[in-house]
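Q: Please see the structure below; I have some questions.
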Amino acid sequence: MNTELLGVIATYLLTLVIAIPLGRYLAKVFAGERVWTDFLKPVEAGIFKLAGINTKEEMDWKQAMKALLTINLVWLIYGFFVLIYQDKLPLNPDGNPGMSPDLSFNTIISFVVNCNLQHYSGESGVTYLTQHFVLMFLQFVSTATGIAAAVIFFKAFRDRTTSKLGNFWDFFVKSITRLLLPLSILVGLILAFNGTPTSYDGKDQYISVQGDTVNVSRGPAAGFIAIKHLGTNGGGWFGANSTHPLENPNYLTGVVELVSQCIIPFALVITFGYFIRRRKLSWMIFGVMTIGMLLLLVPMLQSELGGNPALAKLGISQQTGAMEGKEVRFGPAISAYWSTMTTIISTGSVNNMHDSTMPMSGTWQLLGMMINSFFGGCGVGLLNYFIYLIIAVFISGLMVGRTPEFLGHKVEAREVKIAALITLLSPFLILAGTAVASYVFTAHGEAAWAVQPKSWLNNPGFHGFSEMLYEMTSSNANNGSGFEGLGDNNVFWNVSTGIVLMFGRFLPIIGPIAIAGLLGAKKYIPESEGTLKTDTLTFSLMTLAVIIVLNALSYFPALTLGPLAEYFTMLK
Amino acid sequence: MKKYILQSIRLTAVLLILLCVIYPVILAAAGRFSKGEGGGEKVISKGKVVGYALIGQSFTDPRYFWGRPSAVGYNAAGSAGSNKGPSNEDYLKQVADRIDTLQKYNPGLKKADIPADMVTASGSGLDPAISPQGAIIQIKRVASYRKLDESKVAELVAAHTSGPLWGLFGPSTVSVLQLNLALDQLSQTAANQHQ
């Protein structure tokens, strides 16, 4: 077995070894049971006191959503202005300029919604103050928002009939104090001792061995990179994200960053089972997600390890695989693994440039984001999966002629309508967005924007179309990776993706929580012979089939115009 | 509703202090004890800083081992990949030119021996490493330009090849900067012996 593949397997196993106990721990934390981190209680009590919050007040699903949306709005307004005026604020040793309003609009939404689509470059577009007080802050709190939303959702199914779903603030703050902050300190320290900078010093200058004068961007990056992965945020300190040698110094840090972006989404599936006392159901969900992951990972490994057929024609050796956009210290195998995880989990950080990956890899990356529920982002991945699950309950119910039920609650017209709307939302945003972009590109190439539409694309033909499709897909999935050749810092992309980002975040949170809230408040029907069981192998495969069919129907035509067309023309 | 607004603002303020002041300051304090004291590890040669250990730099002189092509010309105040798609005609021509250049400077080099990393741009544009094969194909050139024994240079390459992590995981790499500094040292020693 070669060492590169062995590295991939070891990374995956390490993820499981950490995620499974972490899931059990989180279930206890959110259920208020005794855990070893209870020594932090006074810190939390202090935070709640200063914020004027009484965590004993239970909320129903509407109140929880109001609290969630209110605090997100506060962050939007705060961050928008700080980014615009960052040049006039302290901690700007490199003298970087303030953001234009449209770029600030895009950036702030993108970080509030846990996406981290970056239309600026970390070295020149932001200051140390905004990196920390806006972007890193949002990386923590947007993740905690997602986790707290998931716990509210769990609460609806813990008791037989309930409309009290706990206190949103309580779950939100505990996600930070009991999970994100301690783990970030640990990961940040590992990065710091492997070479990632932590000091507030600005750019450095030196004369290279050959006599060139070189400037080096630096800054307190280690803490930022830790939460960027743990929170499935993905926004990089430097422009080149985790391909940058200071952001991801060596193979070990590559493994650490990979493991840290996967553990919370993996763990939360386990948490769900422990929390609602239905462990079999959560293992079934875990199984479907794992099959989905493998269905994308194995062919991606194959296409990257096979190398670029066009370069093979030039006669060079691609012993280890395709290398354009990749770093030698990682190699193609773990890069393909990273590309799979970062797209299914909605992190969006990259250790290799997706624009330069093989056409079929691009297809798998896009599909990972379109499906967006094979583990998915912190908290929200499970909510996305739940929508597919409700559709599967509905369809199976019709097939066997029984009233659809989920965990003892009747699934009726209202819930199915919400689920159907949320299912339709993604293809609408992605396809309509890409269609508008393509229209502007072809019909208004000369529009006088910061980047003229005719110069948007870094690659001609089918691949150029893929660049636009990828950008919209990434925005809707709140992923944040890109085919970075796209010239996206202009008013069209900043505003259009900003809108897609917002809908792609909040509706898929509100929808599932509304369904859960409605279901949880309904009368509990004990299981009988006539109940459609949702924790069986058959039902799990049914859910997988629903996921595959829905996504194939929605996206196959668009994929055919982009990466699939490129793949088939390269076969010639 | 008004209650939520006030709570949101107060909670945000408290968390800003915890997450944006206390947290990074803890890391900055701990980072002082790392190799580069938190500012990135510097490489010093003859008393001068000649680079950063982790950041690749441009080598174009045939007397040095070359690194990978870079989309940003190894300018470490920025970072980026080429973002060229795999079927882009201009890109394929660029790669063909790189192959020609390598063959011109390394006479007798067969195309089939050129590893992909030597003719493709890295993701960051600052890749500090090349594959062992990428160094091996340059040994002959470097030795002849420096009038050094080929076997001596080959030994140097072997000594600067890092294997997989713990011998088990990931690829082998050669740090171009470290190798070239050792090479300068070797030339120096050889020159001293001749005197």
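Q: Could you size up the charge dipole of the protein assembly as shown around its Cα centre, putting +1 on the beta carbon of Lys and Arg and -1 on that of Asp and Glu, and report it in debye to the nearest 20?
A: Value, rounded to 20: 1760 debye.
Q: Still on this structure, I have one more. Once every DSSP H run of n ≥ 4 in chain B is given -39500 (n - 2.57) and the sum is divided by its residues, what mean residue ellipticity at 222 nm do you get, rounded to the nearest 500 deg cm²/dmol?
A: -13500 deg cm²/dmol
Q: Compute the separation of the alpha-carbon centres of the range A:125-161 and the range A:39-84 and state it in Å as a whole number.
A: For the range A:125-161 versus the range A:39-84, the Cα centre distance is 10 Å.
Q: Per-residue accessible area for A:PHE556 at 1.4 Å probe radius, Å² rounded to 10?
A: Surface accessible to solvent at A:PHE556 totals approximately 120 Å².
Q: Right, another one. What residues have an amide H closer than 5 Å to that of B:GLY51, excluding those fewer than 5 places away on the same chain, when H is modeled at 1.01 Å from N in the peptide plane?
A: For B:GLY51, whose amide H was placed from the backbone, the distant partners under 5 Å are B:VAL43.
Q: For the range A:1-124, just say rounded, prolate or oblate: build the C-alpha gyration tensor, square-root its eigenvalues into a ≥ b ≥ c, call rounded for a/c under 1.5, and beyond that prolate if a/b exceeds b/c, oblate if not.
A: Oblate, because a/c is 1.5 or more while a/b does not exceed b/c.
Q: Same structure, new question: Could you list which residues have their amide H under 5 Å from that of A:GLU405, counting only those 5 or more apart in sequence or on another chain, with H placed in the peptide plane?
A: Excluding prolines and chain starts, which carry no amide H, the hits are A:VAL411, A:LEU532.
Q: Here is a follow-up. Return one number: the angle in degrees, 0 to 90 and rounded to the nearest 10, between the long axis of the Cα atoms of helix A:101-112 and the longest principal axis of the Cα atoms of chain A.
A: 50
Q: Could I ask something else about it? For the range A:48-89, which chymotrypsin sites (Phe, Trp or Tyr not before Pro) are in a loop by DSSP, counting at most 16 other Cβ atoms within 10 Å? List each step's numbers first, then the result.
A: Working: sites: A:PHE48, A:TRP61, A:TRP75, A:TYR78, A:PHE80, A:PHE81, A:TYR85; in loops: A:TYR85.
In loop regions of the range A:48-89 (DSSP not H, G, I, E or B), the sparsely surrounded chymotrypsin sites (Phe, Trp or Tyr not before Pro) are A:TYR85.
Q: Counting only other chains, what is the mean number of Cβ atoms within 10 angstrom of the Cβ of each residue in peptide A:213-220?
A: Counting Cβ atoms of other protein chains within 10 Å of each residue's Cβ and averaging gives 6.
Q: Could you work out the helix-only [θ] at 222 nm for chain A, with each DSSP H run of four or more residues adding -39,500 (n - 2.57) and the total divided by the number of residues, to the nearest 500 deg cm²/dmol? Write out the running numbers ahead of the final one.
A: Numbers: 20 runs with 343 residues, N = 572.
About -20000 deg cm²/dmol.
Q: Provide A:SER110, A:SER528 ordered by accessible surface of protein heavy atoms (probe 1.4 Å), highest first.
A: A:SER528, A:SER110
Q: List residues of the range A:53-84, by number, whose backbone nitrogen lies under 15 Å from a label position 7 Å along Cα→C-beta of B:ILE17.
A: Only A:53 fall inside the zone, counting backbone N under 15 Å.
Q: Quick check: pseudo-label points 7 Å beyond the Cα along Cα→Cβ at A:LEU553 and A:ARG279, how many nm apart are they?
A: Taking the simple label geometry, A:LEU553 and A:ARG279 are separated by 3.7 nm.
Q: While we're looking at this one, here's another question. So which trypsin sites (Lys or Arg not before Pro) in the range A:222-289 are both in a DSSP loop and have at most 12 other Cβ atoms within 10 Å of their Cβ? Present the calculation step by step, with values, prior to reporting the outcome.
A: Working: sites: A:LYS228, A:ARG277, A:ARG278, A:ARG279, A:LYS280; in loops: A:ARG277, A:ARG278.
Those satisfying the criteria are A:ARG277.
Q: Among A:VAL491, A:ILE225, A:ALA10, whose Cα projects farthest towards the positive end of the dipole of chain A, with charges put on the beta-carbon of Lys, Arg (+1) and Asp, Glu (-1)?
A: Of the candidates, A:ALA10 comes out farthest on the positive side.
Q: Measure up A:LYS164/A:LYS228; A:LYS572/B:LYS111; A:LYS164/A:LYS417; A:LYS228/A:LYS533 against 28 Å on the Cα-Cα distance and list the ones that go over.
A: Beyond 28 Å between Cα atoms: A:LYS164/A:LYS228; A:LYS228/A:LYS533.
Q: Expressed as an acute angle from 0 to 90° and rounded to the nearest 10, what is the orientation of the C-alpha long axis of helix A:279-305 relative to the principal long axis of chain A?
A: With both axes taken from Cα atoms, the answer is about 20 degrees.
Q: Report, in degrees rounded to the nearest 10, the 0 to 90 angle that the Cα long axis of helix A:491-520 makes with the longest principal axis of chain A.
A: Its long axis makes an angle of about 20 degrees.
Q: Just grab the label-to-label distance for A:LEU14 and A:ILE291, each label 7 Å out from Cα along the Cβ direction, in nm (one decimal).
A: My value for the distance between the label points is 3.0 nm.
Q: Right, something else. Could you work out how far the C-alpha centroid of the range A:271-347 sits from that of the range A:449-523, in angstrom?
A: Answer, in whole Å: 22.
Q: Now, a different point. What does the extension gain come out to for A:SER124 and A:ALA413, with contour length at 0.36 nm per residue minus their alpha carbon separation? Before the final figure, lay out each step's value.
A: Working: separation 289, 0.36 × 289 = 104.04 nm, distance 5.17 nm.
Difference between extended and current length: 98.9 nm.
Q: Follow-up question, since we're still on this one. Report the residue, chosen from B:VAL142, B:VAL157, B:VAL95, that carries the largest GNM mean-square fluctuation when chain B is represented by alpha-carbon nodes joined by springs under 10 Å.
A: Highest fluctuation among the options: B:VAL95.
Q: Related question: Please list, in order along the range A:76-82, the HN-Hα scalar couplings obtained from phi with the Karplus expression 6.51 cos²θ - 1.76 cosθ + 1.60 (θ = phi - 60°), rounded to whole Hz, x for Gly and Pro.
A: Result, rounded to whole Hz: 4, 5, 4, x, 4, 6, 4.
Q: Next question. With a 1.4 Å probe and every protein chain left in place, tell me how much accessible area A:MET542 has, in Å² to the nearest 10.
A: 40
Q: If the elastic network links every pair of Cα atoms under 10 Å, which of B:ASP90, B:ASP100, B:ASP117 fluctuates the most in the Gaussian network model of chain B?
A: With Cα springs under 10 Å in chain B, the top fluctuation among B:ASP90, B:ASP100, B:ASP117 is at B:ASP90.
Q: To the nearest 20 debye, what charge dipole does the range A:481-572 have about its Cα centre, counting +1 at the Cβ of each Lys and Arg and -1 at the Cβ of each Asp and Glu?
A: Charge dipole, the range A:481-572, about its Cα centre: 200 debye, nearest 20.
Q: While we're on this one: Can you sort A:VAL43, A:VAL288, A:VAL209 by 1.4 Å-probe accessible area, starting with the largest?
A: Heavy-atom accessible area, descending, gives A:VAL43, A:VAL209, A:VAL288.
Q: What list of ³J(HN,Hα) values in whole Hz, one per residue of the range B:130-136 in order, does the Karplus curve 6.51 cos²θ - 1.76 cosθ + 1.60 (θ = phi - 60°) give from phi, with Gly and Pro shown as x?
A: So the Karplus estimates, Gly and Pro as x, are 10, 6, x, 4, x, 7, 4 Hz.
Q: Of the GluC sites (Glu not before Pro) in the range A:2-64, which ones lie in a loop per DSSP and count no more than 11 other C-beta atoms within 10 Å?
A: Taking the range A:2-64 and a limit of 11 other Cβ atoms within 10 Å, the loop GluC sites (Glu not before Pro) found are A:GLU33.
Q: May I pose another question? Testing the spin-label approximation: label points 7 Å from Cα along Cα→Cβ at A:SER438 and B:ALA112. State their distance in nm.
A: If labels sit at A:SER438 and B:ALA112, their model points lie 4.3 nm apart.
Q: For A:SER104, what accessible area in Å² do you get when you roll a 1.4 Å probe over the heavy atoms of the protein chains, rounding to the nearest 10?
A: Its heavy atoms expose roughly 0 Å² to the probe.
Q: Next question, about the same structure. If you take the square roots of the eigenvalues of the alpha-carbon gyration tensor of the range A:328-407 and sort them as a ≥ b ≥ c, do you get rounded (a/c under 1.5), prolate (a/b over b/c) or oblate?
A: Details: a/c = 4.22, a/b = 2.70, b/c = 1.56.
Prolate, since a/c reaches 1.5 and a/b exceeds b/c.
Q: Taking springs between alpha-carbon atoms closer than 10 angstrom, which of B:ALA154, B:ALA71, B:ALA28 fluctuates most in the Gaussian network model of chain B?
A: With Cα springs under 10 Å in chain B, the top fluctuation among B:ALA154, B:ALA71, B:ALA28 is at B:ALA28.
Q: For A:GLU405, A:GLU304, give me the order by solvent-accessible area with a 1.4 Å probe, most accessible first, ignoring ligands, DNA and RNA.
A: A:GLU405, A:GLU304
Q: Classify the range B:1-81 as rounded, prolate or oblate from the Cα gyration tensor: take a ≥ b ≥ c as the square roots of its eigenvalues, call it rounded if a/c is under 1.5, otherwise prolate when a/b beats b/c and oblate if not.
A: oblate
The values are calculated or read from the model by the stated rules, or taken from the named source; none is laboratory data. Predicted model, so just to flag it, every value in this text is computed and none were measured. Because the Cβ atoms are built from the backbone with ideal geometry, glycine has one as well, and the counts that use them run over all protein chains shown. Only protein heavy atoms, including side chains, enter the accessible area calculation; ligands, DNA and RNA are left aside. Shrake-Rupley method; radii C 1.70, N 1.55, O 1.52, S 1.80 Å.
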